[in-house]
Structure formats: C-alpha cells, structure tokens
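The values are calculated or read from the model by the stated rules, or taken from the named source; none is laboratory data. None of these values were measured; they are calculated from a predicted model. Every residue, glycine among them, receives a Cβ derived from its backbone with ideal geometry; neighbour counts consider all protein chains shown.
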Amino acid sequence: MNSHLSSEELYQWLSGEGGNEVEEHFRECPACQADLHQFRRALAGFRNSLEQCPVPPAHLRLVRQTIPRWLLAAAAVLLLAAAPIYWTARQQRAAEQSRTDELLLERVNTGLSRNVPASMEPLMQLISKEEK
C-alpha cells in the first residue's frame, strides 16, 4: 500500500472488518500507527469518563405534586354552595320560558280564531255598520 489509511479504513479495521493488507500497513507505516494509537487513547478517555460519570437512568421518577387537603375541602364547599344557586336559576329560567311559550300560544290562538285577518277588520266594521 502506497498511501496512508483513511479514517474510514481505520474504523473498519478496529471493528474487525479490515483485511491482512490493512494490518500489514499498520506494521510498516508509523504515521498510521500514530493515528491508531491516538484513536485508541480517545476511546479509552471516553470510556473512563463514562465510568466516572454514569449516565442517569432513562426512567426518571416523576415528581408527584399533591394538592393540599384544605384546597380540596374549599373546592367541595364551594360546589355545595353553588349547586342550589345554579338549580334555582335554572328553575327560574324554565318558568320564564314557560310563560313566554304560553303568551305566544295565546297570541297564535287569537290570530287563528279571527274570522278575517287583522288588516281587514276596519272594512268588516264598515260593512257591519251599513247592515244595521
């Protein structure tokens, strides 16, 4: 081999994929040997740093935030106090709607019970006066 090994060839040889030709080049080329030793030192430094500072576990416990009991009690009292007010307002709205519906039905019945439309009433009064 005439030229130096590329970093890719170096990584392949370290992972066991290099052939006899690459190994022979390492024996003969001091520059590639220096690259190999530098890379091994970097890997050793990385390994040591991991051993000294381990990676935290992936499943971190979630911090459970509890709601104070007095806050829950206050919310319950507020709901109990608000329920009758809501119920009364709802019944009042239903009663008003019922009265409005009754008035509408009364107006419809009055309109349907007429013999002639309201716009024709003055004419009917004139006719009834003439007949008398």
| request: May I ask you to list the residues in the range 20-31 that are under 11 Å from residue 5 (Cα atoms) and modelled with pLDDT of 85 or more? | output: 29, 31
| With 110, 100 as the choices, which residue is more than 30 Å from residue 6 (Cα to Cα) and modelled with pLDDT of 85 or more? | 100
| query | When only residues in the range 91-128 that are surrounded by fewer than 10 Cβ atoms within 10 Å (Cβ to Cβ) and not in a helix (DSSP H, G or I) count, which is nearest to the chain's Cα centre (by Cα)? | reply | 117
| remark: The condition of being in a helix (DSSP H, G or I) and among the hydroxyl-bearing types (Ser, Thr, Tyr) holds, among 49, 3, only for 49
| message | Could you go through the range 10-19 and let me know if any residue there is surrounded by 10 or more Cβ atoms within 10 Å (Cβ to Cβ) and modelled with pLDDT of 90 or more. | response | no
